[in-house]
Amino acid sequence: MQSYLNHPVVRYLIISLTSIVASVIFFRLGGSLAEISKADDPVVGISFRAGGALAGCLIFFLLSYRFIDKTVAKSSRAKVYIRKRPKNFSDNDGNTYTCIGLIFNPETNEQRRIVLPTLWEAGFLTLNFLDIKPDEWIGVEIKNQTNQTWLVHYFDPKTNTREV
């Protein structure tokens, strides 16, 4: 359910429906003038005045969008396909692999380590990083059951291909 709420279309739909319902309720209760001024509410940072239910809907939509945009942390997902040369990792090579995701923020020098589930897609060892902020870099540490280790050094997740 959480992944559906992170989709922008669902977010806009929820904001739109809430704005329509709230504007109709307030239009019927309070009249046809909606006003927000910068002096009244310094948190909002905007001021305008509009009349009618449609204007009220627009005001609710803009305020809700601005609130969500400021409060929701911007994060993205990265899917990493790992290929080893000359012989690639395989799910039927008799080895069991454990993968640790390394996340590094170069601005704050903060480092995180997370255990990632081992997935196999299209014959590649596949890792899903689910919560990457725009300024973070990712890396991977892979171990098999004999403690043989491979390390993918930090790289920008927006990079298409990374040679290791």
Exercise. Which ordering of TRP150, TRP120 is given by a fewest-first count of other beta-carbon atoms within 10 Å?
Worked result: TRP120, TRP150
Problem set entry | Cβ-based exposure ranking for TYR65, TYR97, in which fewest neighbours within 10 Å come first | TYR65, TYR97
Exercise. Listing ILE142, ILE100 from the residue with the fewest other Cβ atoms within 10 Å to the one with the most, what is the order?
Worked result: ILE100, ILE142
Problem set entry | Peptide ranges 143-149, 57-63 listed from the most packed, as the mean C-beta count within 10 angstrom indicates | 57-63, 143-149
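Rule-based calculations on the coordinates, nothing more; no lab input. Note that the coordinates shown come from a computational prediction; the quantities given were computed from them, not determined experimentally. Ideal geometry is used to build each Cβ from the backbone, glycine not excepted, and the neighbour counts take in all protein chains shown.
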